[in-house]
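Have a look at the structure below, then the notes.
The values are calculated or read from the model by the stated rules, or taken from the named source; none is laboratory data. Not measured: the values here are computed from a predicted model. Here the Cβ positions follow ideal geometry from the backbone for every residue, glycine too, while neighbour counts run over all protein chains shown. These accessible areas exclude ligands, DNA and RNA; they are computed on the full protein's heavy atoms, side chains included. Shrake-Rupley method; radii C 1.70, N 1.55, O 1.52, S 1.80 Å.
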Amino acid sequence: MPLALLALAVGAFGIGTTEFVMMGLLPDVADDLHISIPSAGHLVSAYALGVVIGAPLLAALTARMSRRKVLILLMALFVVGNALSALAPDDHYLLAARFVSGLPHGAFFGVGAVVATGLVAPERKARSVSLMFLGLTVANIAGVPVATLMGQHLGWRATFLGVSAIGLVAIASLALLIPRDHTHAPSSDGLRGELAALRSLPVWLALGTTIAGFGALFSAYSYITPMLTDSAGYAEGSVTLLLALFGVGATAGNLLGGRLADRSLRGTLFGGLASLMVVLALFPLLMSAQWSAALGVTALGAAAFITGSPLQLMVMEKAATAPSLASSANQAAFNLANAGGAWIGGLALAAGFGTTSPATAGAALAVLGLIVATVAYTVDRRATPTTRLVATHVPSQTEHAHH
């Protein structure tokens, strides 16, 4: 695999760390800035909002630029956002800084996925995307725990300065390792041309599958701590180690999904969603003992991230004229899934269905994801024969001669 994929993975590692570390730092930030925990929770939402707005917007606005240059500029914005977070004098400034930090997230993964697939042979496209996403999953194993410990011992501001430093390493890696000849943007009609590619029904069905599929994950994962402590009987201090197990599962699932998707994109997607549905449906049983709860958390990460690469690749293929924009929009869909899944899981808890009910709600969302994926497959099947039929009825020059 090309070394350039390592540069993309370093950027993904920094982004994954800053996205998820805020959950662990909430008490420290709230205490330091004299705000409540729920108010500090808005800092997580501000980042997600930045992703949703920035992903399609920045991808569309930079459509005519060299993708290598776009990746470096996006990582520079990432560094600025995290440096501003470290220097924020109060919660209002920190809220704005977290929003800025989120802006380049989706566009980086979106444009990065297009660059990654352009660096390898067609039969290795999904694997190349999974190697970029490796930075994101490894961030859950190493980046987030280390950054959280740094915040707890050196202050939360040190964490964001550390993340900024990772961003600088990523910029240097991108500048050195991304080849200039693989990163030219295709001819484009600008913003209007990019947005026109999003009018396609298959693109929206692919995005809908992402929202439902990852909504299933976040419905359960958002409330994983009370499940582990109240249902499985773990002490709160053990949760960090168990979340690292989720990262291990996610990393394994991501790499497996990349390999399988290169053989069968649809098969991997359906298999991943089906396995996610089964794992979530079994969660109430898995959370009844500590050993099975640890197994369940690992399996949840693996099942969810098997679908990551195939979904990213499918969206790009369905919007061939604007792959960067569609790929970035998929990252926005991922964050909508994060917010929507957490909301749906919260509704199940508020309704009094029990500690593990968010996982059951997640299983229902996985079923919805399978339904949307099936509709997308049906739409594709209907479109393909029509194309072939038209092609077979175009008379050849020989036929004209006979007539």
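Straightening the chain between ALA252 and ALA172 buys 26.0 nm, computed as 0.36 nm per residue apart minus the Cα-Cα spacing. The angle between the Cα long axis of helix 156-177 and the main principal axis of the chain comes to about 30°, on a 0 to 90 degree scale. If you run the Gaussian network model on the chain, springs between alpha carbon atoms under 10 Å, then out of LEU84, LEU276, LEU217 the most flexible one is LEU84. Sorting LEU243, LEU174, LEU6 by solvent-accessible area of protein heavy atoms yields LEU6, LEU243, LEU174, largest first, with a 1.4 Å probe. Accessible area per residue (1.4 Å probe, heavy atoms of protein chains only) ranks TYR377, TYR47 as TYR377, TYR47, with the largest value leading.
With both labels modelled 7 Å from their Cα along Cα-to-Cβ, the SER264 to ARG180 distance reads 4.5 nm. For TRP156, TRP291, TRP204, TRP343, the ranking by accessible surface with the largest value first comes to TRP291, TRP343, TRP204, TRP156, using a 1.4 Å probe. To the nearest ten degrees, helix 125-138 and the longest principal axis of the Cα atoms of the chain are 10 degrees apart.
Look at the alpha carbon pairs under 8 Å that are at least 6 residues apart: their mean separation over the length of segment 244-308 gives a relative contact order of 61 percent. Taking all protein chains as shown and a probe of 1.4 angstrom, LYS125 keeps an accessible surface of around 70 Å².
For the chain, the 222 nm mean residue ellipticity estimated from helices alone, with every DSSP H stretch of n ≥ 4 adding -39500 (n - 2.57) and the total spread over all residues, rounds to -27500 deg cm²/dmol. Taking each residue as 0.36 nm, the span from GLU236 to ALA76 lengthens on full extension beyond its C-alpha to C-alpha distance by 53.9 nm.
Roughly what angle does helix 308-318 make with the longest principal axis of the chain, taking Cα atoms, 0 to 90 degrees, to the nearest 10? The angle comes out at about 30 degrees. Modelled spin-label separation between SER288 and GLN152, with each label point placed 7 Å from Cα along the Cα-to-Cβ direction: 3.2 nm. Between ALA165 and GLU123, full extension at 0.36 nm per residue minus the direct alpha carbon distance yields a gain of 11.6 nm. Max-minus-min Cα coordinates of the chain on each principal axis give 85, 46, 34 Å, with the largest extent listed first. Using a probe of 1.4 Å on the protein chains alone, the accessible area found for HIS153 is around 140 Å². Modelled label-to-label distance, SER36 and LEU195, 7 Å Cα→beta-carbon offset: nm? In this crude spin-label approximation the distance works out to 3.9 nm.
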